[in-house]
(Lines give C-alpha, C1' and ligand atoms only; values in the text may rest on other atoms or scores of the structure.)
Protein backbone atom coordinates (compact mmCIF):
# COMPACT_ATOMS: atom_id res chain seq x y z
CA UNK A 1 0.00 0.00 0.00
CA UNK A 2 1.11 3.54 -0.74
CA UNK A 3 -0.39 6.47 1.17
CA UNK A 4 -0.05 9.96 -0.26
CA UNK A 5 0.32 12.45 2.58
CA UNK A 6 -0.14 15.33 0.16
CA UNK A 7 -3.63 14.10 -0.67
CA UNK A 8 -4.71 13.05 2.79
CA UNK A 9 -7.12 15.62 4.20
CA UNK A 10 -7.47 13.97 7.63
CA UNK A 11 -11.15 13.06 7.28
CA UNK A 12 -10.81 9.82 9.29
CA UNK A 13 -12.73 7.97 6.59
CA UNK A 14 -10.17 5.14 6.67
CA UNK A 15 -10.53 4.84 10.44
CA UNK A 16 -14.32 4.65 10.26
CA UNK A 17 -14.50 2.32 7.27
CA UNK A 18 -12.04 0.02 9.04
CA UNK A 19 -14.21 -0.07 12.14
CA UNK A 20 -17.26 -0.81 10.02
CA UNK A 21 -15.52 -3.50 8.00
CA UNK A 22 -13.74 -5.26 10.84
CA UNK A 23 -16.23 -4.62 13.68
CA UNK A 24 -13.58 -3.62 16.20
CA UNK A 25 -14.40 -2.81 19.84
CA UNK A 26 -14.12 0.66 21.39
CA UNK A 27 -10.52 1.82 21.63
CA UNK A 28 -9.34 -0.40 18.80
CA UNK A 29 -8.50 1.47 15.60
CA UNK A 30 -6.66 -0.86 13.26
CA UNK A 31 -6.51 2.03 10.81
CA UNK A 32 -6.19 5.46 12.36
CA UNK A 33 -5.16 9.01 11.59
CA UNK A 34 -2.76 10.87 13.83
CA UNK A 35 -2.68 14.63 13.49
CA UNK A 36 0.22 16.77 14.59
CA UNK A 37 1.62 20.24 14.13
CA UNK A 38 5.24 20.34 13.03
CA UNK A 39 7.72 23.17 12.91
CA UNK A 40 8.04 26.32 15.00
CA UNK A 41 6.08 29.55 14.65
CA UNK A 42 5.67 31.09 12.11
CA UNK A 43 6.67 28.09 9.97
CA UNK A 44 4.13 25.65 11.30
CA UNK A 45 2.19 23.09 9.34
CA UNK A 46 -0.41 20.50 10.18
CA UNK A 47 0.33 16.95 9.13
CA UNK A 48 -2.20 14.14 8.92
CA UNK A 49 -0.55 10.77 9.25
CA UNK A 50 -2.83 7.84 8.39
CA UNK A 51 -1.52 4.74 10.13
CA UNK A 52 -2.25 1.06 9.90
CA UNK A 53 -0.16 -2.07 10.12
CA UNK A 54 2.92 -1.51 7.97
CA UNK A 55 2.93 -5.23 6.99
CA UNK A 56 6.69 -5.29 7.54
CA UNK A 57 8.93 -7.70 5.67
CA UNK A 58 10.87 -8.06 8.95
CA UNK A 59 8.05 -7.74 11.48
CA UNK A 60 9.31 -7.46 15.06
CA UNK A 61 5.86 -8.56 16.27
CA UNK A 62 6.25 -11.90 14.50
CA UNK A 63 9.72 -12.44 15.97
CA UNK A 64 8.66 -11.86 19.56
CA UNK A 65 5.38 -13.80 19.39
CA UNK A 66 5.90 -16.83 21.66
CA UNK A 67 3.08 -18.90 20.18
CA UNK A 68 3.54 -18.25 16.44
CA UNK A 69 0.07 -16.69 16.44
CA UNK A 70 1.49 -13.88 14.33
CA UNK A 71 2.28 -15.24 10.89
CA UNK A 72 3.39 -13.95 7.51
CA UNK A 73 1.51 -15.02 4.39
CA UNK A 74 3.20 -15.69 1.08
CA UNK A 75 1.83 -12.39 -0.21
CA UNK A 76 3.52 -10.56 2.68
CA UNK A 77 0.45 -9.89 4.82
CA UNK A 78 1.17 -10.23 8.54
CA UNK A 79 -1.82 -11.52 10.48
CA UNK A 80 -2.80 -12.89 13.88
CA UNK A 81 -4.24 -16.38 14.25
CA UNK A 82 -6.65 -15.53 17.06
CA UNK A 83 -6.93 -19.17 18.08
CA UNK A 84 -3.19 -19.35 18.87
CA UNK A 85 -2.88 -15.93 20.53
CA UNK A 86 -2.58 -16.05 24.32
CA UNK A 87 -2.70 -12.26 24.77
CA UNK A 88 0.79 -11.76 26.20
CA UNK A 89 0.99 -8.36 24.46
CA UNK A 90 4.71 -8.78 23.70
CA UNK A 91 3.92 -7.88 20.07
CA UNK A 92 2.35 -4.60 21.21
CA UNK A 93 5.56 -3.87 23.08
CA UNK A 94 7.64 -4.73 20.02
CA UNK A 95 5.64 -2.97 17.27
CA UNK A 96 7.20 0.44 16.55
CA UNK A 97 4.03 1.76 14.92
CA UNK A 98 1.39 1.17 17.59
CA UNK A 99 -0.52 -0.97 15.12
CA UNK A 100 -1.62 -3.62 17.60
CA UNK A 101 -4.49 -3.59 20.05
CA UNK A 102 -5.44 -5.79 22.96
CA UNK A 103 -9.14 -6.61 23.23
CA UNK A 104 -10.09 -6.06 26.82
CA UNK A 105 -13.38 -7.22 28.21
CA UNK A 106 -14.81 -3.74 28.44
CA UNK A 107 -18.07 -4.18 26.58
CA UNK A 108 -19.23 -2.49 23.41
CA UNK A 109 -20.42 0.88 22.24
CA UNK A 110 -23.80 0.75 23.97
CA UNK A 111 -22.86 0.32 27.61
CA UNK A 112 -25.39 -1.51 29.75
CA UNK A 113 -27.43 -2.65 26.76
CA UNK A 114 -24.79 -5.25 25.99
CA UNK A 115 -23.41 -6.15 22.60
CA UNK A 116 -25.46 -5.84 19.46
CA UNK A 117 -25.49 -8.89 17.14
CA UNK A 118 -23.04 -7.02 14.89
CA UNK A 119 -20.71 -6.35 17.81
CA UNK A 120 -21.13 -9.92 19.02
CA UNK A 121 -19.91 -11.19 15.66
CA UNK A 122 -16.98 -8.78 15.66
CA UNK A 123 -15.71 -9.03 19.20
CA UNK A 124 -17.67 -11.55 21.17
CA UNK A 125 -16.03 -14.31 23.18
CA UNK A 126 -13.83 -15.45 20.30
CA UNK A 127 -11.82 -12.23 20.31
CA UNK A 128 -11.65 -11.45 24.02
CA UNK A 129 -8.12 -11.35 25.42
CA UNK A 130 -6.35 -11.54 22.09
CA UNK A 131 -4.39 -8.96 20.15
CA UNK A 132 -5.82 -7.56 16.92
CA UNK A 133 -4.03 -5.93 14.03
CA UNK A 134 -4.72 -4.72 10.53
CA UNK A 135 -4.22 -7.47 7.97
CA UNK A 136 -4.98 -5.38 4.85
CA UNK A 137 -8.52 -6.82 5.02
CA UNK A 138 -7.24 -10.22 4.00
CA UNK A 139 -10.80 -11.57 4.08
CA UNK A 140 -11.75 -9.09 1.35
CA UNK A 141 -8.65 -9.87 -0.69
CA UNK A 142 -9.17 -13.62 -0.46
CA UNK A 143 -12.90 -13.45 -1.21
CA UNK A 144 -12.28 -11.06 -4.08
CA UNK A 145 -9.49 -13.13 -5.61
CA UNK A 146 -11.68 -16.21 -5.39
CA UNK A 147 -14.25 -14.41 -7.53
CA UNK A 148 -11.67 -13.29 -10.06
CA UNK A 149 -11.25 -9.72 -8.90
CA UNK A 150 -7.91 -7.91 -8.75
CA UNK A 151 -6.72 -6.30 -5.50
CA UNK A 152 -6.22 -2.57 -5.92
CA UNK A 153 -8.32 -2.47 -9.09
CA UNK A 154 -11.62 -3.94 -7.99
CA UNK A 155 -13.12 -2.76 -4.74
CA UNK A 156 -14.29 -6.30 -3.94
CA UNK A 157 -10.67 -7.38 -3.48
CA UNK A 158 -9.31 -4.18 -1.94
CA UNK A 159 -8.99 -3.15 1.74
CA UNK A 160 -11.92 -1.13 3.05
CA UNK A 161 -9.79 1.92 3.93
CA UNK A 162 -8.55 2.13 0.35
CA UNK A 163 -11.94 1.86 -1.29
CA UNK A 164 -13.36 4.41 1.14
CA UNK A 165 -10.64 7.06 0.87
CA UNK A 166 -12.46 10.02 -0.63
CA UNK A 167 -9.23 11.89 -1.35
CA UNK A 168 -7.90 8.84 -3.21
CA UNK A 169 -4.79 9.11 -1.08
CA UNK A 170 -4.38 5.35 -0.84
CA UNK A 171 -3.04 3.03 -3.49
CA UNK A 172 -3.12 -0.73 -3.20
CA UNK A 173 -1.47 -3.41 -5.26
CA UNK A 174 1.35 -5.87 -5.67
CA UNK A 175 4.77 -4.44 -4.79
CA UNK A 176 6.40 -7.57 -6.23
CA UNK A 177 5.08 -6.63 -9.68
CA UNK A 178 7.38 -3.88 -10.99
CA UNK A 179 4.66 -2.66 -13.35
CA UNK A 180 1.99 -2.24 -10.71
CA UNK A 181 0.86 1.25 -9.81
CA UNK A 182 2.20 0.97 -6.25
CA UNK A 183 5.61 -0.19 -7.50
CA UNK A 184 5.74 2.72 -9.92
CA UNK A 185 4.85 5.19 -7.17
CA UNK A 186 7.46 3.78 -4.82
CA UNK A 187 10.05 3.96 -7.57
CA UNK A 188 9.25 7.46 -8.80
CA UNK A 189 7.52 9.61 -6.23
CA UNK A 190 10.06 9.99 -3.40
CA UNK A 191 8.24 7.38 -1.38
CA UNK A 192 9.54 6.60 2.09
CA UNK A 193 8.92 4.06 4.82
CA UNK A 194 8.14 5.09 8.38
CA UNK A 195 11.19 4.89 10.65
CA UNK A 196 13.25 2.50 8.49
CA UNK A 197 15.96 2.63 11.17
CA UNK A 198 14.01 0.00 13.09
CA UNK A 199 14.94 -2.51 10.40
CA UNK A 200 11.32 -3.49 9.78
CA UNK A 201 11.23 -2.87 6.00
CA UNK A 202 7.51 -1.98 5.83
CA UNK A 203 5.33 -2.82 2.83
CA UNK A 204 3.32 0.33 3.50
CA UNK A 205 4.99 3.31 1.87
CA UNK A 206 4.25 7.01 2.16
CA UNK A 207 4.54 9.82 -0.34
CA UNK A 208 5.74 12.99 1.41
CA UNK A 209 3.35 15.87 2.02
CA UNK A 210 5.92 18.45 1.03
CA UNK A 211 6.92 17.65 -2.55
CA UNK A 212 6.59 19.27 -5.93
CA UNK A 213 5.62 16.27 -8.05
CA UNK A 214 2.04 15.08 -7.72
CA UNK A 215 1.61 11.36 -8.11
CA UNK A 216 -0.43 10.04 -11.01
CA UNK A 217 -4.11 9.54 -10.38
CA UNK A 218 -4.96 6.07 -9.14
CA UNK A 219 -7.14 3.74 -11.12
CA UNK A 220 -10.68 4.59 -10.09
CA UNK A 221 -11.60 1.62 -8.01
CA UNK A 222 -15.03 3.04 -7.27
CA UNK A 223 -16.45 2.98 -10.75
CA UNK A 224 -14.63 0.16 -12.48
CA UNK A 225 -16.94 -2.61 -13.56
CA UNK A 226 -16.07 -6.12 -12.59
CA UNK B 1 2.48 17.38 24.15
CA UNK B 2 1.97 15.42 27.31
CA UNK B 3 4.00 12.26 27.50
CA UNK B 4 2.02 9.22 28.56
CA UNK B 5 3.89 6.35 30.23
CA UNK B 6 4.04 2.97 28.55
CA UNK B 7 0.70 1.29 29.27
CA UNK B 8 0.80 -2.16 27.67
CA UNK B 9 2.81 -3.98 30.33
CA UNK B 10 1.94 -2.62 33.76
CA UNK B 11 2.19 -3.68 37.39
CA UNK B 12 1.60 -7.39 36.83
CA UNK B 13 4.61 -7.63 34.52
CA UNK B 14 6.58 -5.44 36.95
CA UNK B 15 5.62 -7.88 39.73
CA UNK B 16 6.73 -10.78 37.52
CA UNK B 17 10.10 -9.20 36.73
CA UNK B 18 10.56 -8.23 40.38
CA UNK B 19 9.61 -11.59 41.94
CA UNK B 20 11.52 -13.59 39.34
CA UNK B 21 14.58 -11.40 39.96
CA UNK B 22 14.23 -11.46 43.73
CA UNK B 23 13.68 -15.22 43.85
CA UNK B 24 16.56 -15.92 41.48
CA UNK B 25 18.74 -13.47 43.44
CA UNK B 26 17.93 -15.27 46.70
CA UNK B 27 18.77 -18.62 45.07
CA UNK B 28 22.14 -17.18 43.94
CA UNK B 29 22.81 -15.87 47.46
CA UNK B 30 21.81 -19.18 49.05
CA UNK B 31 23.89 -21.35 46.75
CA UNK B 32 26.98 -19.15 47.07
CA UNK B 33 26.38 -19.18 50.85
CA UNK B 34 26.32 -22.98 50.85
CA UNK B 35 29.53 -23.06 48.80
CA UNK B 36 31.05 -20.91 51.56
CA UNK B 37 29.80 -23.23 54.31
CA UNK B 38 26.74 -21.39 55.60
CA UNK B 39 24.33 -24.32 55.41
CA UNK B 40 21.33 -23.15 57.47
CA UNK B 41 20.98 -19.66 55.96
CA UNK B 42 21.57 -21.19 52.51
CA UNK B 43 18.64 -23.54 53.03
CA UNK B 44 16.45 -20.63 54.12
CA UNK B 45 17.47 -18.48 51.13
CA UNK B 46 16.87 -21.22 48.56
CA UNK B 47 13.59 -22.29 50.15
CA UNK B 48 12.49 -18.64 49.90
CA UNK B 49 13.83 -18.00 46.42
CA UNK B 50 12.39 -20.92 44.47
CA UNK B 51 8.76 -20.38 45.54
CA UNK B 52 9.17 -16.66 44.81
CA UNK B 53 10.18 -17.50 41.24
CA UNK B 54 7.25 -19.91 40.95
CA UNK B 55 4.91 -17.21 42.27
CA UNK B 56 6.27 -14.70 39.75
CA UNK B 57 5.08 -16.82 36.85
CA UNK B 58 1.53 -16.61 38.19
CA UNK B 59 1.66 -12.83 37.70
CA UNK B 60 2.85 -13.31 34.13
CA UNK B 61 0.07 -15.78 33.45
CA UNK B 62 -2.49 -13.49 35.11
CA UNK B 63 -1.49 -10.73 32.69
CA UNK B 64 -2.34 -12.88 29.65
CA UNK B 65 -5.55 -12.29 27.75
CA UNK B 66 -5.99 -16.07 27.50
CA UNK B 67 -4.33 -17.40 30.68
CA UNK B 68 -5.67 -20.90 30.09
CA UNK B 69 -3.46 -21.20 26.99
CA UNK B 70 -0.22 -20.11 28.70
CA UNK B 71 1.60 -23.35 27.87
CA UNK B 72 1.55 -22.39 24.19
CA UNK B 73 4.19 -19.78 24.98
CA UNK B 74 6.87 -22.44 24.47
CA UNK B 75 6.23 -22.68 20.74
CA UNK B 76 8.64 -20.08 19.34
CA UNK B 77 12.00 -20.28 21.15
CA UNK B 78 13.81 -19.53 17.88
CA UNK B 79 13.21 -15.79 18.18
CA UNK B 80 10.87 -15.00 21.08
CA UNK B 81 12.34 -14.17 24.47
CA UNK B 82 9.06 -15.10 26.16
CA UNK B 83 9.51 -18.65 24.87
CA UNK B 84 13.17 -18.71 25.86
CA UNK B 85 12.32 -17.23 29.24
CA UNK B 86 9.69 -19.93 29.74
CA UNK B 87 12.44 -22.54 29.42
CA UNK B 88 14.96 -20.64 31.56
CA UNK B 89 12.52 -19.98 34.40
CA UNK B 90 11.12 -23.52 34.22
CA UNK B 91 14.64 -24.94 34.45
CA UNK B 92 15.28 -22.79 37.52
CA UNK B 93 12.01 -23.86 39.15
CA UNK B 94 12.72 -27.55 38.45
CA UNK B 95 16.40 -27.61 39.51
CA UNK B 96 15.77 -25.29 42.46
CA UNK B 97 12.62 -27.19 43.34
CA UNK B 98 14.53 -30.48 43.56
CA UNK B 99 17.14 -28.79 45.73
CA UNK B 100 14.43 -27.58 48.11
CA UNK B 101 12.57 -30.90 48.19
CA UNK B 102 15.70 -32.99 48.79
CA UNK B 103 17.52 -30.60 51.08
CA UNK B 104 14.93 -28.63 53.05
CA UNK B 105 11.50 -30.19 52.96
CA UNK B 106 10.01 -32.84 52.89
CA UNK B 107 13.10 -35.03 52.32
CA UNK B 108 15.48 -32.72 54.13
CA UNK B 109 18.34 -35.11 54.75
CA UNK B 110 18.94 -36.51 51.25
CA UNK B 111 21.26 -33.75 50.05
CA UNK B 112 22.90 -33.38 53.47
CA UNK B 113 24.20 -36.91 52.95
CA UNK B 114 24.92 -36.71 49.21
CA UNK B 115 27.30 -33.79 48.81
CA UNK B 116 28.01 -34.53 45.14
CA UNK B 117 24.36 -34.50 44.06
CA UNK B 118 23.79 -31.33 46.07
CA UNK B 119 26.65 -29.50 44.38
CA UNK B 120 25.48 -30.69 40.96
CA UNK B 121 21.89 -29.54 41.54
CA UNK B 122 23.08 -26.26 42.99
CA UNK B 123 25.40 -25.64 40.04
CA UNK B 124 22.51 -26.14 37.60
CA UNK B 125 20.19 -23.93 39.66
CA UNK B 126 22.88 -21.27 39.92
CA UNK B 127 23.32 -21.11 36.14
CA UNK B 128 19.58 -20.76 35.53
CA UNK B 129 19.18 -18.28 38.40
CA UNK B 130 21.78 -15.98 36.83
CA UNK B 131 20.17 -16.57 33.43
CA UNK B 132 16.76 -15.63 34.85
CA UNK B 133 18.06 -12.33 36.25
CA UNK B 134 19.70 -11.42 32.95
CA UNK B 135 16.83 -12.65 30.80
CA UNK B 136 14.32 -10.30 32.44
CA UNK B 137 16.50 -7.45 31.14
CA UNK B 138 16.87 -8.97 27.68
CA UNK B 139 13.10 -9.56 27.40
CA UNK B 140 12.41 -5.85 27.13
CA UNK B 141 15.92 -4.86 26.06
CA UNK B 142 15.57 -6.37 22.59
CA UNK B 143 12.78 -3.97 21.57
CA UNK B 144 14.54 -1.55 19.21
CA UNK B 145 11.66 0.89 18.93
CA UNK B 146 11.68 1.58 22.69
CA UNK B 147 15.13 3.12 23.03
CA UNK B 148 14.85 3.54 26.79
CA UNK B 149 15.09 -0.24 27.14
CA UNK B 150 17.22 -1.04 24.10
CA UNK B 151 20.47 -0.78 25.97
CA UNK B 152 23.13 -3.33 26.94
CA UNK B 153 23.23 -1.97 30.50
CA UNK B 154 19.66 -3.05 31.23
CA UNK B 155 20.37 -6.78 31.80
CA UNK B 156 23.34 -5.82 34.00
CA UNK B 157 21.21 -3.39 35.99
CA UNK B 158 18.54 -6.06 36.43
CA UNK B 159 21.16 -8.61 37.54
CA UNK B 160 22.58 -6.26 40.18
CA UNK B 161 19.11 -5.34 41.37
CA UNK B 162 18.02 -8.99 41.42
CA UNK B 163 20.88 -10.04 43.68
CA UNK B 164 20.30 -6.98 45.87
CA UNK B 165 16.57 -7.63 46.22
CA UNK B 166 17.35 -11.33 46.72
CA UNK B 167 19.50 -10.25 49.66
CA UNK B 168 16.59 -8.05 50.77
CA UNK B 169 14.35 -11.10 50.73
CA UNK B 170 16.91 -13.07 52.73
CA UNK B 171 17.18 -10.19 55.23
CA UNK B 172 13.44 -10.28 55.65
CA UNK B 173 12.85 -14.02 55.79
CA UNK B 174 15.91 -15.20 57.75
CA UNK B 175 15.14 -13.51 61.12
CA UNK B 176 11.49 -14.54 60.78
CA UNK B 177 12.29 -18.20 60.12
CA UNK B 178 15.02 -18.28 62.76
CA UNK B 179 12.77 -16.91 65.48
CA UNK B 180 9.78 -19.05 64.51
CA UNK B 181 11.80 -22.28 64.37
CA UNK B 182 14.19 -21.24 67.16
CA UNK B 183 17.28 -21.96 65.05
CA UNK B 184 19.06 -18.63 65.47
CA UNK B 185 22.79 -19.08 65.57
CA UNK B 186 25.94 -16.91 65.51
CA UNK B 187 26.83 -18.47 62.17
CA UNK B 188 23.56 -17.27 60.61
CA UNK B 189 24.08 -13.82 62.11
CA UNK B 190 27.58 -13.80 60.62
CA UNK B 191 26.16 -14.68 57.19
CA UNK B 192 23.60 -11.86 57.38
CA UNK B 193 26.39 -9.53 58.48
CA UNK B 194 28.43 -10.45 55.41
CA UNK B 195 25.39 -9.92 53.22
CA UNK B 196 24.98 -6.42 54.63
CA UNK B 197 28.49 -5.52 53.49
CA UNK B 198 27.93 -7.15 50.09
CA UNK B 199 24.62 -5.37 49.62
CA UNK B 200 26.11 -1.99 50.44
CA UNK B 201 28.49 -2.53 47.52
CA UNK B 202 25.61 -3.74 45.34
CA UNK B 203 23.48 -0.69 46.17
CA UNK B 204 26.36 1.61 45.27
CA UNK B 205 26.91 -0.39 42.06
CA UNK B 206 23.21 -0.12 41.28
CA UNK B 207 23.26 3.66 41.80
CA UNK B 208 26.25 3.95 39.47
CA UNK B 209 24.55 1.65 36.94
CA UNK B 210 21.38 3.78 37.04
CA UNK B 211 23.44 6.91 36.52
CA UNK B 212 25.33 5.40 33.56
CA UNK B 213 22.08 4.01 32.19
CA UNK B 214 20.34 7.37 32.20
CA UNK B 215 23.41 9.02 30.69
CA UNK B 216 23.44 6.43 27.91
CA UNK B 217 19.75 6.65 27.07
CA UNK B 218 19.30 10.39 27.50
CA UNK B 219 20.20 11.26 23.90
CA UNK B 220 18.27 8.41 22.35
CA UNK B 221 15.20 8.56 24.58
CA UNK B 222 14.97 12.10 25.96
CA UNK B 223 11.20 11.90 26.53
CA UNK B 224 11.53 8.72 28.56
CA UNK B 225 14.41 10.09 30.63
CA UNK B 226 12.47 13.27 31.33
CA UNK B 227 9.43 11.24 32.29
CA UNK B 228 11.53 9.66 35.03
CA UNK B 229 13.62 12.63 36.13
CA UNK B 230 11.18 15.51 35.99
CA UNK B 231 7.88 14.20 34.67
CA UNK B 232 4.98 12.15 35.91
CA UNK B 233 7.19 9.41 37.36
CA UNK B 234 9.75 11.66 39.03
CA UNK B 235 8.22 11.43 42.53
CA UNK B 236 8.38 7.65 42.54
CA UNK B 237 11.83 7.69 40.97
CA UNK B 238 13.56 10.12 43.35
CA UNK B 239 11.63 9.47 46.52
CA UNK B 240 10.53 5.89 46.04
CA UNK B 241 13.30 4.11 44.18
CA UNK B 242 16.42 6.19 44.85
CA UNK B 243 15.42 7.40 48.33
CA UNK B 244 13.48 4.60 49.97
CA UNK B 245 14.77 1.79 47.77
CA UNK B 246 18.50 2.50 47.68
CA UNK B 247 19.55 5.24 50.13
CA UNK B 248 17.56 4.10 53.18
CA UNK B 249 18.67 0.43 53.11
CA UNK B 250 22.28 1.48 52.44
CA UNK B 251 22.23 3.75 55.49
CA UNK B 252 20.63 1.05 57.67
CA UNK B 253 23.17 -1.52 56.47
CA UNK B 254 26.02 0.87 57.14
CA UNK B 255 25.06 1.55 60.76
CA UNK B 256 24.02 -2.06 61.35
CA UNK B 257 27.37 -3.42 60.14
CA UNK B 258 29.22 -0.87 62.26
CA UNK B 259 27.47 -1.95 65.45
CA UNK B 260 27.22 -5.61 64.57
CA UNK B 261 24.41 -7.66 66.09
CA UNK B 262 25.77 -10.87 67.59
CA UNK B 263 22.71 -13.10 67.45
CA UNK B 264 19.61 -13.03 65.32
CA UNK B 265 16.95 -11.88 65.15
CA UNK B 266 18.14 -8.36 64.64
CA UNK B 267 15.62 -5.84 63.43
CA UNK B 268 17.97 -3.76 61.26
CA UNK B 269 18.44 -6.15 58.32
CA UNK B 270 14.74 -6.97 58.39
CA UNK B 271 13.83 -3.31 57.95
CA UNK B 272 16.54 -2.84 55.31
CA UNK B 273 15.17 -5.91 53.53
CA UNK B 274 11.67 -4.43 53.29
CA UNK B 275 13.05 -1.19 51.81
CA UNK B 276 15.21 -3.15 49.33
CA UNK B 277 12.20 -5.14 48.18
CA UNK B 278 10.03 -2.04 47.76
CA UNK B 279 12.84 -0.35 45.85
CA UNK B 280 13.32 -3.34 43.58
CA UNK B 281 9.64 -3.45 42.68
CA UNK B 282 9.53 0.30 42.04
CA UNK B 283 12.59 0.05 39.81
CA UNK B 284 10.91 -2.56 37.59
CA UNK B 285 7.68 -0.58 37.56
CA UNK B 286 9.44 2.68 36.64
CA UNK B 287 11.62 1.16 33.94
CA UNK B 288 8.58 -0.53 32.40
CA UNK B 289 6.55 2.70 32.53
CA UNK B 290 9.35 4.78 31.01
CA UNK B 291 9.70 2.41 28.03
CA UNK B 292 7.84 4.60 25.58
CA UNK B 293 8.10 4.28 21.82
CA UNK B 294 10.26 6.46 19.61
CA UNK B 295 8.25 9.12 17.79
CA UNK B 296 7.38 8.34 14.18
CA UNK B 297 9.20 10.51 11.68
CA UNK B 298 7.58 12.04 8.57
CA UNK B 299 10.52 13.99 7.14
CA UNK B 300 10.17 16.45 10.02
CA UNK B 301 9.70 14.90 13.49
CA UNK B 302 6.11 13.87 13.82
CA UNK B 303 5.34 12.84 17.32
CA UNK B 304 2.66 10.21 17.58
CA UNK B 305 1.59 10.14 21.20
CA UNK B 306 4.82 8.73 22.62
CA UNK B 307 4.01 6.27 25.33
CA UNK B 308 0.73 5.17 23.88
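Looking at (1) away from chain B (no Cβ under 13 Å); (2) at pLDDT 95 or above; (3) in contact with a helix residue (DSSP H, G or I) (Cβ under 8 Å, 6 or more places away or on another chain), can you tell me which one residue A:71 breaks? Here residue A:71 meets the rest and fails (1). Cβ-Cβ distances below 7 Å connect the following pairs, each with a first residue in segment B:148-175 that is more than 14 Å from residue B:43 (Cα to Cα), a second residue that is outside any helix (DSSP H, G or I), and a separation of six or more residues or different chains: B:148/B:221; B:148/B:290; B:148/B:291; B:148/B:292; B:149/B:143; B:149/B:291; B:150/B:143; B:150/B:144.
Scanning segment A:127-151 for residues that are within 14 Å of chain B (Cβ to nearest Cβ) and part of a loop (DSSP other than H, G, I, E, B), which turns out nearest to the chain's Cα centre (by Cα)? Let's see the steps before the verdict.
Step one: filter segment A:127-151 for residues within 14 Å of chain B (Cβ to nearest Cβ), giving A:127-133.
Those left that are additionally part of a loop (DSSP other than H, G, I, E, B): A:128-130.
Details: A:128: 21, A:129: 21, A:130: 18 Å.
Restricting to residues being within 14 Å of chain B (Cβ to nearest Cβ) and part of a loop (DSSP other than H, G, I, E, B), the top hit is A:130.
Scan segment A:96-126 for residues that are within 14 Å of chain B (Cβ to nearest Cβ) and either surrounded by fewer than 14 Cβ atoms within 10 Å (Cβ to Cβ) or touching a strand residue (DSSP E or B) at 6+ places or on another chain (Cβ under 9 Å) (or both) and jot them down. Hits for segment A:96-126 are A:97, A:98, A:99, A:100, A:101, A:102, A:103, A:105, A:106, A:123, A:125, A:126.
Looking at residue A:49, is it facing chain B (nearest Cβ under 8 Å) and under 21 Å from residue A:139 (Cβ atoms)? Outline the logic, then answer.
Details: facing chain B (nearest Cβ under 8 Å): yes; under 21 Å from residue A:139 (Cβ atoms): no.
Spelling it out, it is not the case that residue A:49 is facing chain B (nearest Cβ under 8 Å) and under 21 Å from residue A:139 (Cβ atoms).
When you check residue A:65 against the structure, is it more than 7 Å from chain B (Cβ to nearest Cβ) and either modelled with pLDDT of 95 or more or crowded, with 23+ Cβ neighbours inside 10 Å (or both), yes or no? Spell out the reasoning first.
Numbers: more than 7 Å from chain B (Cβ to nearest Cβ): no; either modelled with pLDDT of 95 or more or crowded, with 23+ Cβ neighbours inside 10 Å (or both): yes.
Against the criterion (more than 7 Å from chain B (Cβ to nearest Cβ) and either modelled with pLDDT of 95 or more or crowded, with 23+ Cβ neighbours inside 10 Å (or both)), residue A:65 does not qualify.
Only one entry of B:91, B:62 meets the criterion of being over 16 Å from residue B:46 (Cα atoms) and either touching a helix residue (DSSP H, G or I) at 6+ places or on another chain (Cβ under 8 Å) or part of a helix (DSSP H, G or I) (or both), and that entry is B:62. Residues that are crowded, with 17+ Cβ neighbours inside 10 Å, at pLDDT below 95 and not in a helix (DSSP H, G or I) within segment B:72-88 comprise B:75, B:76, listed in sequence order. All of A:86, A:93 fail the test of being more than 27 Å from residue A:3 (Cα to Cα) and either surrounded by fewer than 18 Cβ atoms within 10 Å (Cβ to Cβ) or more than 17 Å from the chain's Cα centre (by Cα) (or both), apart from A:86. In the set (1) out of contact with any strand residue (DSSP E or B) (no Cβ under 9 Å at 6 or more places or on another chain); (2) modelled with pLDDT under 95, the condition left unmet by residue B:304 is number (1).
Quick check: is even one residue across segment B:13-20 facing chain A (nearest Cβ under 10 Å) and surrounded by 18 or more Cβ atoms within 10 Å (Cβ to Cβ)?
If we filter segment B:13-20 for residues that are facing chain A (nearest Cβ under 10 Å), which is where we start, we get B:13.
Still in the running and surrounded by 18 or more Cβ atoms within 10 Å (Cβ to Cβ): B:13.
Yes, the conditions are met somewhere in segment B:13-20.
Each residue in segment A:32-67 was checked for being over 21 Å from the mean Cα position of the chain (by Cα) and under 24 Å from residue B:86 (Cα atoms), and 2 pass.
Scanning segment A:2-54 for residues that are more than 24 Å from residue A:123 (Cα to Cα), assigned to a loop (DSSP other than H, G, I, E, B) and free of Cβ contacts under 8 Å to residues at least 60 places away in the same chain yields A:10, A:39, A:40, A:41, A:42, A:43, A:44.
Evaluate the following for residue A:30: is it at pLDDT 95 or above, more than 9 Å from every other protein chain (Cβ to nearest Cβ) and under 25 Å from residue B:63 (Cβ atoms)? It would help to see each step written out before you state the result.
Working: at pLDDT 95 or above: yes; more than 9 Å from every other protein chain (Cβ to nearest Cβ): yes; under 25 Å from residue B:63 (Cβ atoms): yes.
Taking the combined requirement at face value, the residue satisfies it.
The values are calculated or read from the model by the stated rules, or taken from the named source; none is laboratory data. Worth saying up front: this structure is predicted, and the values here are computed from it rather than measured. Positions of Cβ are backbone-derived with ideal geometry, glycine not excepted, and every protein chain shown enters the neighbour counts.
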